[in-house]
1. Residues in the stretch 58-81 that are within 13 Å of the ligand (Cβ to nearest atom) and open to solvent by 40 Å² or more (accessible area, probe 1.4 Å): how many?
2. Of the residues that sit in the stretch 82-105 and are among the acidic types (Asp, Glu) and either under 16 Å from the mean Cα position of the chain (by Cα) or farther than 20 Å from Asn6 by Cα (or both), which one is least open to solvent (accessible area, probe 1.4 Å)?
3. For the stretch 4-16, name all the residues that are part of a loop (DSSP other than H, G, I, E, B) and either under 14 Å from Val41 (Cβ atoms) or more than 15 Å from the ligand (Cβ to nearest atom) (or both).
4. Given Leu48, Leu26, Leu53, Leu59, which one is over 12 Å from the mean Cα position of the chain (by Cα), on the phi < 0 side of the Ramachandran plot and in contact (Cβ under 8 Å) with a residue 24 or more places away in the chain?
5. Checking Ala19 against (1) farther than 30 Å from Ala89 by Cβ; (2) within 15 Å of the ligand (Cβ to nearest atom); (3) of a type in the set (A, V, I, L, M, F, W, C), only one condition comes out false. Which one?
6. Would you check which residues across the stretch 44-65 are at pLDDT 95 or above and either closer than 12 Å to Pro13 by Cα or of a type in the set (A, V, I, L, M) (or both) and list them?
Amino acid sequence: MIGRLNHVAIAVPDLAAAAAKYRDTLGARVSQPVDLPEHGVTTVFVELPNTKLELLHPLGENSPIANFLARNPTGGIHHLCFEVEDILAARDRLLAAGARVVGSPEPKIGAHGKPVLFLHPKDFDGTLIELEQV
Ligand code: CO
């Protein structure tokens, strides 16, 4: 059911510093920051030949990233995103198997303008999983 690894998301305490590290030290192609108020994050995308990284920083009140950074002050891997062809079919299959969706079971529009859902880390070995319909 899951397809390609779309991105690995890393929560970072300093977005400009993290973007500069990937751009200048590691020599990657790095986007401008993009605010996603509905998700409570500002993101910078790092383009790699086979996948992307999503650098995440809290935006606004009650950002889910703020709690994560409080527990992991130096930053860390926040989630993995896998592509699926049909997000509603994927969700229904997962719910039937007993997996839990984080928040509303209705997909939201994610960072790439496509529907996304998050699966509870307790159901996936301590790893938050994002599904994105492509
Ligand atoms: Co993501």
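The values are calculated or read from the model by the stated rules, or taken from the named source; none is laboratory data. Computed from a predicted structure; not experimentally measured. With ideal geometry, Cβ positions are generated from the backbone for all residues, glycine too; neighbour counts draw on all protein chains shown. For accessibility, only protein heavy atoms count, side chains too; no ligands or nucleic acids. Shrake-Rupley method; radii C 1.70, N 1.55, O 1.52, S 1.80 Å.
1. 3
2. Within the stretch 82-105, the subset among the acidic types (Asp, Glu) is 83, 85-86, 92.
Now restrict to residues that are either under 16 Å from the mean Cα position of the chain (by Cα) or farther than 20 Å from Asn6 by Cα (or both): 83, 92.
Values: Glu83: 26, Asp92: 80 Å².
Per the criteria, the residue is Glu83.
3. So in the stretch 4-16, the residues part of a loop (DSSP other than H, G, I, E, B) come out as 4, 12-14.
If the condition is that a residue be part of a loop (DSSP other than H, G, I, E, B) and either under 14 Å from Val41 (Cβ atoms) or more than 15 Å from the ligand (Cβ to nearest atom) (or both), then Val12, Pro13, Asp14 are the ones that fit.
4. Numbers: Leu48 fails: in contact (Cβ under 8 Å) with a residue 24 or more places away in the chain; Leu26 fails: in contact (Cβ under 8 Å) with a residue 24 or more places away in the chain; Leu53 fails: over 12 Å from the mean Cα position of the chain (by Cα).
Criteria check complete, one pass: Leu59.
5. (2)
6. Residues of the stretch 44-65 at pLDDT 95 or above: 44-59.
Those that are at pLDDT 95 or above and either closer than 12 Å to Pro13 by Cα or of a type in the set (A, V, I, L, M) (or both): Val44, Val46, Leu48, Leu53, Leu55, Leu56, His57, Pro58, Leu59.
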